[in-house]
Amino acid sequence: MPFKKELTELMDRVPGVLGAIIADWEGEAVDQVARMDEYDLKLHGAHGGVILNNMREIMSRLKADDLQEIVMTAETMQTLLIPVTTEYFLVVALERAGSLGLALHAARRCADRVRMDIL
């Protein structure tokens, strides 16, 4: 499942995106594009899987709707975590000064396209 086209388009559309990765439910990289260190991006993906699984469990215990996205903000970086299907998810690493709104819009669009390719 090559997703480089969708990931590259996301990275080209949003200034400040450092990398984007599609990972499977275990956090294993399926495809990625990066302006940052690729190993660090794969770590983002692996840890994103842990965070997503933990948050899904919490949402289930609360009998809440399906988790749509997670936004994490740190001093120098923002990370978007968007489920694509129950088995795949998208992680986008963004500079702290990057446009979060534009990044969310582009990431949602990317996730929709990847979802269509998978299904």
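Quick notes on this structure:
- Across the stretch 4-118, the relative contact order, built from alpha-carbon pairs under 8 Å that are at least six residues apart, equals 29 percent.
- Answer label for semi-axes √(5λ) of the Cα gyration tensor in Å (calculated), chosen among (i) 25, 16, 12; (ii) 20, 16, 14; (iii) 27, 14, 12: (ii)
- Exposed GluC sites (Glu not before Pro) absent: longest stretch of the chain, with sites in DSSP loops and at most 16 other Cβ within 10 Å deemed exposed: 29-68
- Amide hydrogen proximity for Val30: with H placed 1.01 Å from N in the peptide plane, the residues at 5 or more positions away or on another chain lying under 5 Å are Ile22, Ala23, Asp24.
- Here the residues Ile70, Ile82, ranked from fewest to most Cβ neighbours within 10 Å of their Cβ, fall in the order Ile70, Ile82.
- Taking the longest Cα principal axis of the chain as reference, the axis of helix 4-13 is set at about 70 degrees.
- Among Phe89, Phe3, the order by Cβ neighbours within 10 angstrom, fewest to most, reads Phe3, Phe89.
All of the numbers you see were taken from the coordinates with simple rules; none came from a lab. These numbers were taken from a predicted model, which means no experiment stands behind them. Every residue, glycine among them, receives a Cβ derived from its backbone with ideal geometry; neighbour counts consider all protein chains shown.
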